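Take a look at the structure below.
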Amino acid sequence: MQMRVAKEKDGLMLSQLLMQAAADVPAWAVREAIKKRDVRIDGVRISGDVRVCEGQEIRVFWPKSVVQAERKALPAPDIVFEDAHVLLINKPQGIPSQNEDSPLEGDSVLTRAIACLKTRGEKTDHVRLCHRLDVQTGGLLLLTKDDAAYEAAVEAFTARTFQKFYTCRVKGCPSREQETMRAWLRKDAQLSRVAVTDYPARGAQEIVTAYRVMEPGEFARLEVELITGRTHQIRAHLAHIGHPILGDDKYGDRAINRQLGLRRQQLWATRLVVHASGALAYLDGRSFSVNCPF
């Protein structure tokens with residue numbers, strides 16, 4: 001992979017830049033490329049993670065297993081429900097919901113959905129995502145096929161009438177069987193991470209996350225309801241209370257992740273309950289669910 005550092009990426013850590021630029025490449029591959037000096041900046045091999053500068057040319061030689069995976073044909077999306085107005089997909093881990101810079105290019109849930117519909121001869125001009133999941137989070141993701149359905153979905157998500165439930169496994173087990181937690185989250189866009197505090201802070205937004213312990217133990221299984229929908233909210237909020245999600249290196253316990261051999265975070269959007277009006281009123285009250293792979 002070859003790229004040039006854009007102005008808005010100036011000062012970003014090399015690892016963060018690569019994870020943003022190659023969203024379908026797993027984090028372990030980024031770390032391995034840097035560790036093995038398979039990254040060159042302006043033709044010079046880099047021996048560690050460094051900050052990049054605007055205009056620098058980056059060239060990366062990905063591990064063979066990653067290159068082979070990229071050459072394979074993209075699989076069709078796992079469709080959970082579909083009708084004339086909506087498309088509900090069980091998103092796999094490791095691909096973005098939508099590529100930020102070029103939404104209609106590369107490998108993403110959106111491009112896979114559009115490619116699938118085109119093979120059937122359907123029009124795709126108005127196919128859009130209604131919400132997002134993190135690259136390494138799998139599960140239910142809603143797309144719409146027309147403007148009226150999109151407007152109804154966005155209105156419902158904005159009003160927080162849709163109910164979004166996730167299943168995850170965490171380090172340890174919360175002392176309370178269930179709880180609705182409130183905190184404040186502040187986003188650092190440059191570092192691509194967030195910080196959670198128990199008190200308001202400048203630039204922070206209130207977050208509300210509810211959980212229920214499904215299976216207690218050393219690595220408990222939780223059902224989490226995302227009441228507000230902020231960046232990395234579930235991952236950061238659970239880590240903040242001392243129970244990070246297994247497999248999550250950004251906010252979690254890397255030592256335990258390595259001990260358990262986990263390279264992907266154990267977080268899945270497993271249930272979506274529709275509460276909507278307008279063009280989606282016919283789906284009001286419907287509940288859709290999928291099983292998580294862990």
**OP:** Kindly provide the set of residues from the stretch 178-229 that are out of contact with any strand residue (DSSP E or B) (no Cβ under 8 Å at 6 or more places or on another chain), touching a residue at least 60 places away in the same chain (Cβ under 8 Å) and within 19 Å of Arg132 (Cα to Cα), ordered by number.
**Re:** Ser192
Original post:
Going through the stretch 251-283 one residue at a time, which ones are without any contact (Cβ under 8 Å) to a residue 60 or more places away in the chain and either touching a Ser or Thr at 6+ places or on another chain (Cβ under 7 Å) or closer than 27 Å to Arg31 by Cα (or both)?
Top reply: Tyr251, Arg254, Ala255, Asn257, Arg258, Gln259, Leu260, Gly261, Leu262
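Conditions tested, residue by residue: (1) under 30 Å from Arg51 (Cβ atoms); (2) of a type outside the set (D, E, K, R); (3) surrounded by fewer than 16 Cβ atoms within 10 Å (Cβ to Cβ).
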| residue | (1), (2), (3) |
| --- | --- |
| Asp147 | no, no, yes |
| Thr161 | no, yes, yes |
| Thr167 | no, yes, no |
| Pro174 | no, yes, no |
| Glu179 | no, no, yes |
| Val196 | yes, yes, no |
| Ala204 | yes, yes, no |
| Ile207 | yes, yes, no |
| Tyr211 | no, yes, no |
Original post:
How many residues does the stretch 85-109 hold that are among the hydrophobic types (A, V, I, L, M, F, W, C) and in contact with a Pro (Cβ under 6 Å, 6 or more places away or on another chain)?
Top reply: 1
Subject >> Residue that is nearest to Lys7 (Cα to Cα) [pool: residues in the stretch 31-66 that are at pLDDT 90 or above, among the β-branched types (Val, Ile, Thr) and within 27 Å of the chain's Cα centre (by Cα)] >> reply: Val52
Subject >> Residues (β-branched (Val, Ile, Thr) and modelled with pLDDT of 95 or more) located in the stretch 67-88 >> reply: Ile79, Val80, Val86
Original post:
Looking only at residues in the stretch 19-63 that are within 14 Å of Leu191 (Cβ to Cβ) and either assigned by TED's automatic domain parsing to the domain that holds Glu105 or out of contact with any Asp or Glu (no Cβ under 9 Å at 6 or more places or on another chain) (or both), which one is surrounded by the most Cβ atoms within 10 Å (Cβ to Cβ)?
Top reply: Met19
Original post:
Can you name the residue in the stretch 85-124 that is of a type in the set (S, T, N, Q) and under 21 Å from the mean Cα position of the chain (by Cα) and, of all such residues, is surrounded by the fewest Cβ atoms within 10 Å (Cβ to Cβ)?
Top reply: Ser102
**OP:** Tell me which residues, restricted to the stretch 211-253, are under 14 Å from the mean Cα position of the chain (by Cα), farther than 24 Å from Tyr199 by Cα and of a type in the set (Gly, Ala, Ser).
**Re:** Gly247
Original post:
So which residues in the stretch 185-207 are touching a Lys or Arg at 6+ places or on another chain (Cβ under 7 Å), over 25 Å from Ser15 (Cα atoms) and either in a loop (DSSP other than H, G, I, E, B) or not aliphatic (A, V, I, L, M) (or both), if there are any at all?
Top reply: Ala201, Gly203, Ala204, Gln205, Glu206
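The values are calculated or read from the model by the stated rules, or taken from the named source; none is laboratory data. Just so we're clear, the structure is a prediction, and the values are computed from it rather than from any experiment. With ideal geometry, Cβ positions are generated from the backbone for all residues, glycine too; neighbour counts draw on all protein chains shown.
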